[in-house]
1. Starting from residues that are open to solvent by 30 Å² or more (accessible area, probe 1.4 Å) and touching a helix residue (DSSP H, G or I) at 6+ places or on another chain (Cβ under 7 Å), keep the ones in the range 295-337 and report whichever is nearest to residue 265 (Cα to Cα).
2. Taking the condition open to solvent by 70 Å² or more (accessible area, probe 1.4 Å) and not hydroxyl-bearing (Ser, Thr, Tyr), does residue 30 pass?
3. The conditions are (1) out of contact with any strand residue (DSSP E or B) (no Cβ under 9 Å at 6 or more places or on another chain); (2) open to solvent by 10 Å² or more (accessible area, probe 1.4 Å); (3) farther than 23 Å from residue 283 by Cα; (4) not polar (S, T, N, Q), and residue 146 fails exactly one of them. Which is it?
4. Just to verify a result, which residue in the range 218-241, among those that are among the small types (Gly, Ala, Ser) and open to solvent by less than 10 Å² (accessible area, probe 1.4 Å), is farthest from residue 251 (Cα to Cα)?
5. Which numbered condition in (1) over 28 Å from the mean Cα position of the chain (by Cα); (2) more than 30 Å from residue 447 (Cα to Cα) is the only one that residue 355 fails?
6. Would you be able to tell me the number of residues in the range 259-309 that are basic (Lys, Arg) and assigned to a helix (DSSP H, G or I)?
7. Restricted to the range 199-217, and to residues that are part of a loop (DSSP other than H, G, I, E, B) and surrounded by fewer than 19 Cβ atoms within 10 Å (Cβ to Cβ), which residue is nearest to the chain's Cα centre (by Cα)?
8. State the number of residues belonging to the range 1-18 that are open to solvent by less than 70 Å² (accessible area, probe 1.4 Å) and in a loop (DSSP other than H, G, I, E, B).
Amino acid sequence: MSLQIQRAHRALAQKPAHEATSRFIVINFLQFAVKETVLKLAWMKKVHINNKQILCDHDYAYEMMQKHRARADRVDSLAGFRTEKTEPAGAVPHGLLKAARKSGQLNLSGRGLTEDFDEHYYDTLVEIIKKRFLIPSNLKCSFTVKLHDNQLSSLPCALGELQELQQLRVSHNQLTSLPAETCTLKNLCVLTMQQNLLENLPEELGQLENLTELDLSNNQLEDLPSSLGRLTRLQKLNLCGNKLSCLPDSLAQLTNVKLLDCSRNQLTDIPASLSEMLALEQLYLRHNKLRLLPQLPAPALKELYVGNNHIERVDTEQLACLAAISLLELRDNKIQTLPEQITLLSTLTRLDLTNNDITTNKSLCTIRTLRSFQWFHQKGTNELLKYLRGRIKEEPERPEDGDTAMTLPSQSNVNVHNIKSLKLLVYRNNQLIDLPPDMKNLTKLRSVILSYNR
């Protein structure tokens, strides 16, 4: 490589004394790129002459050079490039403690923690928390411990010493039980234990009297402790995805619960005592083995989801209990008829009857508040086959047994287009060729779903 040096000379300064540091040599390159390459190589190779390192740098002003020299004496130029010292096993990472001091949240999620790593680690952890993270009683701060997304098969009993703990999140682990010591956390408000291997719960669970949210979904619970009814401040209870065949009557004592999810269990009946849950607004019972619609006169119940069960009929008494209902999901059942009393549901705005065996819907036209109505058939019944044959021949054939779920509005004795307040209309998965002219009556219609038609 050609250096292309224009000139080189000693710095314009007084000649130094004997054995003192020599004056700088100033080199002027013709090409900027050459100068940068020379400096880079000099910094990397660290050239020495007579056991003294030759320092190369840009031609700064004298004052700037003095500052650089002073800083070089106290700054480690390799800081950040050295391998950090590994902390001994069982030591709490300093970065986690520092973050916890600021946020009040100790996040140990996704660290691959296993049972072999537990005892010594947690003993040290709890001791440090007790000394450094105690929250003053006059401050309303939330102290959270996150242990979710690990491989823990058990929780240390030492967690029971964290009396200031308000949130404990241990979901997505391999926990098979909840230690009774954890149930002594009087200030605990949120406990999430979904996606574990829990088979039972201790009776001491009822001691968590300040709990407002409890998530036990996707475990292997076959029954619930009777002490669950003592959690009177509970507002959200998720029991979805377990092996429950019945619900305890003690649930009726949870008068502040607004959301109860019991989907994907093995329930065959719902106890009438659940009607005493006066604050209940949302009830999920999907994917169970129910044969009857629950008769629950809960005064605040607004949304009821009972899809994917074995319900064959809906009785008048069951509908009469739903005084405040706004959303009723009955999809994927075996319902054949609806009672005329469904018109009494004056607050109903959404009704889902997808994939049932209903043969008539005359009473639905008088539900003036209905805004969303889904009703289509995918079960390959005789009515469906007759309808398809009629469309192929271009000669619509009326079923002998009256109107079916595949009957178009213009061909039916019932015209859903008379529902003046309808805002959502679903006609998917049919053989519809054109839109019926009486749709012009739907002056408030905002959305129409016509997918999978002709």
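The values are calculated or read from the model by the stated rules, or taken from the named source; none is laboratory data. Small disclaimer: the values here were computed from a predicted structure and weren't measured. Here the Cβ is made from the backbone with ideal geometry for all residues, glycine too, and neighbour counts use every protein chain on show. Ligands, DNA and RNA are stripped out before the accessible areas are found, and what is left, the full protein with its side chains, is counted by its heavy atoms. Shrake-Rupley method; radii C 1.70, N 1.55, O 1.52, S 1.80 Å.
1. Result: 295.
2. Details: open to solvent by 70 Å² or more (accessible area, probe 1.4 Å): yes; not hydroxyl-bearing (Ser, Thr, Tyr): yes.
Criteria met by residue 30.
3. (1)
4. To start, the set of residues in the range 218-241 that are among the small types (Gly, Ala, Ser) comprises 226-227, 229, 241.
Pick out the ones that are also open to solvent by less than 10 Å² (accessible area, probe 1.4 Å) and you get 227, 229.
Numbers: 227: 9, 229: 5 Å.
Among those that are among the small types (Gly, Ala, Ser) and open to solvent by less than 10 Å² (accessible area, probe 1.4 Å), it is 227.
5. (2)
6. Taking the range 259-309 as the starting set, the residues that turn out to be basic (Lys, Arg) are 264, 286, 289, 291, 302.
Next, from what is left, pick out any that are assigned to a helix (DSSP H, G or I): none.
Residues meeting the conditions: 0.
7. Applying the first criterion (part of a loop (DSSP other than H, G, I, E, B)) to the range 199-217 yields 199-202, 208-212, 216-217.
Applying the additional criterion that residues be surrounded by fewer than 19 Cβ atoms within 10 Å (Cβ to Cβ) yields 199-200, 202, 209-210, 212.
Details: 199: 23, 200: 24, 202: 26, 209: 25, 210: 23, 212: 17 Å.
Among those residues, the one meeting the criterion is 212.
8. The number of residues fulfilling the criteria is 3.
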